[in-house]
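Input: a single structure, listed below in structure tokens.
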Amino acid sequence: MEQDNCDQEAITLLLDQYLNKEDQLLVQKNRMGSTESFIGSVTLEWLNRRVKFAAELPLFHQKFDQSGNVIRDAETIEEIQQRPLDWSRQLPLTQYLAARKTHKFPAVLVVISPSWVDNPQAEEWDNQGEARKSAAKFTPLDKGENFGLLDVSQNFDVFALDGQHRLMGIQGLMELIQTGKIQRYNKNKKPVGDGITVAQLAQGVEIESSYLSSLAEEKIGIEFIPAAIAGETRAEAKRRIRSIFIHVNLMAVRLSAGQLAMLNEDDGFSIVARKIAVSHPLLKEMAGRKDRVNWDSATIATKSTVLTTLQALQDMSERYLAPKFPSWKSADKKNLIPMRPVEEELEAGIAAFRQVFDDLATLVSYQRLDGGEKTPALRRFSFEQDKEYPRGGEANILFRPVGQVAVMQALGILVFKKGFALKSIFEKLRKYDADGGFSGMENYQSLWYGVLYDPMRRRVMVSGRDLASKLLIYILGGIADDLERAQLRQDLAKARQVAENKAMGFHGKFVTLKEVGLPSVLN
């Protein structure tokens, strides 16, 4: 044991001696197929200072646009190894690093390239144009040559092969640390508006300057691939690097909207939607009945027996609760990541969303599910017929995600903006539903004809969701202003328009646009 302790102390002293040098990194050598790589870790400050974008290398010296991307044409297309940089992504990535204590970036895949790689006359290339040695200078420290030191001195260029947008976010973080703000850009790196300060990024959460500065010393994984290997020509080296980049991106499958909603731990609306999806009797899994929530896709297949999708539930949650919890949405939704709400607000949001689902479950349409009726029979149009459903369906908007979201949007405005009570709202909705108000959207008598149903293409119209929501607010007594009513009537007439100054009336006859009226307000 004493000898082991002495050995460990000796290793510690030796490692300290080597690791304190700026120009080398302790790495582990790996090989997959014919690809040799070296894995280690570096500080964010080192990554910002040393790693470049692909377009910055001599390899891509031909043509660049103002955003630093290689211009794509017949001359350069074979040289391009990177997807275009999207500078609009820098701000949210920087905000994620600065404002999220639980932030984590995956390792960056980089290419290490000494200057001789880009010089065909360099002595490192033999008479056949093949590399005499690897572009990576690795000094092993063990007999198996698995662990050692990688030369990362200024003699070597390093550029991001996979992780250029992570690098972009880290560059933004360094700018934020040094100046206290970061410039917002569009995709092509054109400045948009004024700079965003630390306080604006944090969205009300205080970030101490000492903490922000400490982020520069955080470490991120990094994997180095040599720009050329022994026995490889320069053309073969470029082809190999390009191939690796393509393979890395082909293997990375983008998450579906439903999967993102399932995994999101920062967005309050997603958290509430997941909680209701797994716990409310109308939606949760139960023995003896088929699942009622599609967890992955944002749409419902014709033969599917689910009631809704997780993506729709997230939209419903946001449309209903946003008026009550406006702080859950980022002021700059496109560019900033929402902060996770405090637990008390989350509990209140879950309770409010659960209550509205309790009331929805009392509607006749949804109660029919407990009687054994299947969702396709209630969701499908009458012309969607097959052996199992020879009569087609009822075309009920409550069984379509777009209809569900429209209803929730209207309820959120009525309850949290206009002060209506859920009890009085659902007293009217139960009668409206029992009278078939939500069914038959494909029929000209329906309020939703031309709004949520496109009679020309015979399909659902997602674009009509906001108008459907306003119509529901109106029939529930939520629009008293005469100008608002007049505008709503015009919008409805336009939705039912079939020709110039002609629209489908509620009695099945063509009428002028002015003759299209609003239905009666529910009592």
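Tabulated results
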read-out: Inter-residue pairs, beta-carbon under 6 Å, first charged (D, E, K, R) and in segment 209-226, second outside any helix (DSSP H, G or I), 6+ apart; value: E217/T43; K219/S41; K219/T43; E223/S37; E223/I39; E223/A107; E223/L109
read-out: Residue within segment 342-351 that is open to solvent by 30 Å² or more (accessible area, probe 1.4 Å), touching a Ser or Thr at 6+ places or on another chain (Cβ under 9 Å), outside any helix (DSSP H, G or I) and aliphatic (A, V, I, L, M) present; value: no
read-out: Scan of segment 1-24 for residues that are within 27 Å of Q154 (Cα to Cα), assigned to a loop (DSSP other than H, G, I, E, B) and open to solvent by 100 Å² or more (accessible area, probe 1.4 Å), ordered by number; value: N20, E22
read-out: The one condition in (1) open to solvent by 50 Å² or more (accessible area, probe 1.4 Å); (2) at pLDDT 90 or above that L109 fails to fulfil; value: (1)
read-out: Check on Y444, farther than 18 Å from V405 by Cβ, in contact (Cβ under 8 Å) with a residue 40 or more places away in the chain and open to solvent by 30 Å² or more (accessible area, probe 1.4 Å); value: yes
read-out: Residues being open to solvent by 40 Å² or more (accessible area, probe 1.4 Å), in a helix (DSSP H, G or I) and touching a residue at least 24 places away in the same chain (Cβ under 8 Å) - total across segment 312-331; value: 3
read-out: Count of residues meeting criterion [more than 22 Å from Y211 (Cβ to Cβ) and small (G, A, S)] in segment 160-191; value: 2
read-out: Qualifying positions in segment 454-493 - in contact with a strand residue (DSSP E or B) (Cβ under 8 Å, 6 or more places away or on another chain) and open to solvent by 10 Å² or more (accessible area, probe 1.4 Å); value: D454, P455, R459, V460, M461
read-out: Test: residue in segment 145-160 that is out of contact with any Pro (no Cβ under 7 Å at 6 or more places or on another chain), without any contact (Cβ under 8 Å) to a residue 60 or more places away in the chain and within 29 Å of N119 (Cα to Cα); value: no
read-out: Odd one out for A98 among (1) among the small types (G, A, S); (2) within 30 Å of Q200 (Cα to Cα); (3) surrounded by fewer than 19 Cβ atoms within 10 Å (Cβ to Cβ); value: (3)
read-out: Test: residue in segment 359-366 that is in contact with a His (Cβ under 6 Å, 6 or more places away or on another chain), crowded, with 16+ Cβ neighbours inside 10 Å and in a helix (DSSP H, G or I); value: no
read-out: Looking only at segment 223-241, and only at residues there that are open to solvent by 40 Å² or more (accessible area, probe 1.4 Å) and among the acidic types (D, E), the one that is farthest from Q121 (Cα to Cα); value: E223
read-out: Residue satisfying all of: in segment 178-196; buried (at least 17 other Cβ atoms within 10 Å of the Cβ) and assigned to a strand (DSSP E or B); modelled with the lowest pLDDT among these; value: I196
read-out: Subset tally (residues that are without any contact (Cβ under 8 Å) to a residue 60 or more places away in the chain and under 36 Å from the mean Cα position of the chain (by Cα)) for segment 472-489; value: 6
read-out: Residue satisfying condition, being of a type in the set (S, T, Y), over 30 Å from Q385 (Cβ atoms) and modelled with pLDDT of 95 or more, within set Y449, Y453, Y474; value: Y474
read-out: Test for A252: is it surrounded by 14 or more Cβ atoms within 10 Å (Cβ to Cβ) and modelled with pLDDT under 75; value: no
read-out: Residue, farthest from F357 (Cα to Cα), within segment 294-303, restricted to residues that are open to solvent by less than 60 Å² (accessible area, probe 1.4 Å) and either in contact with a Lys or Arg (Cβ under 8 Å, 6 or more places away or on another chain) or not hydrophobic (A, V, I, L, M, F, W, C) (or both); value: S297
read-out: Some residue of segment 212-222 being out of contact with any Leu (no Cβ under 7 Å at 6 or more places or on another chain), part of a loop (DSSP other than H, G, I, E, B), surrounded by 13 or more Cβ atoms within 10 Å (Cβ to Cβ) and not small (G, A, S); value: no
read-out: Condition broken by A257, with the remaining ones in (1) at pLDDT below 90; (2) over 30 Å from L398 (Cβ atoms) satisfied; value: (2)
read-out: Condition check for K187: basic (K, R) and touching a residue at least 60 places away in the same chain (Cβ under 8 Å); value: yes
read-out: Single match in R400, R354 (criterion: open to solvent by 30 Å² or more (accessible area, probe 1.4 Å), touching a residue at least 60 places away in the same chain (Cβ under 8 Å) and touching a strand residue (DSSP E or B) at 6+ places or on another chain (Cβ under 9 Å)); value: R400
read-out: F60 being crowded, with 19+ Cβ neighbours inside 10 Å, touching an Asp or Glu at 6+ places or on another chain (Cβ under 9 Å) and at pLDDT 55 or above; value: no
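The values are calculated or read from the model by the stated rules, or taken from the named source; none is laboratory data. A quick note: this is a predicted structure, and the numbers were derived from the prediction, not measured. FYI the Cβ positions are ideal-geometry reconstructions off the backbone, even for glycines, and counts take in every protein chain you see. The accessibility values were calculated without ligands, DNA or RNA, using every heavy atom of the protein model including side chains. Shrake-Rupley method; radii C 1.70, N 1.55, O 1.52, S 1.80 Å.
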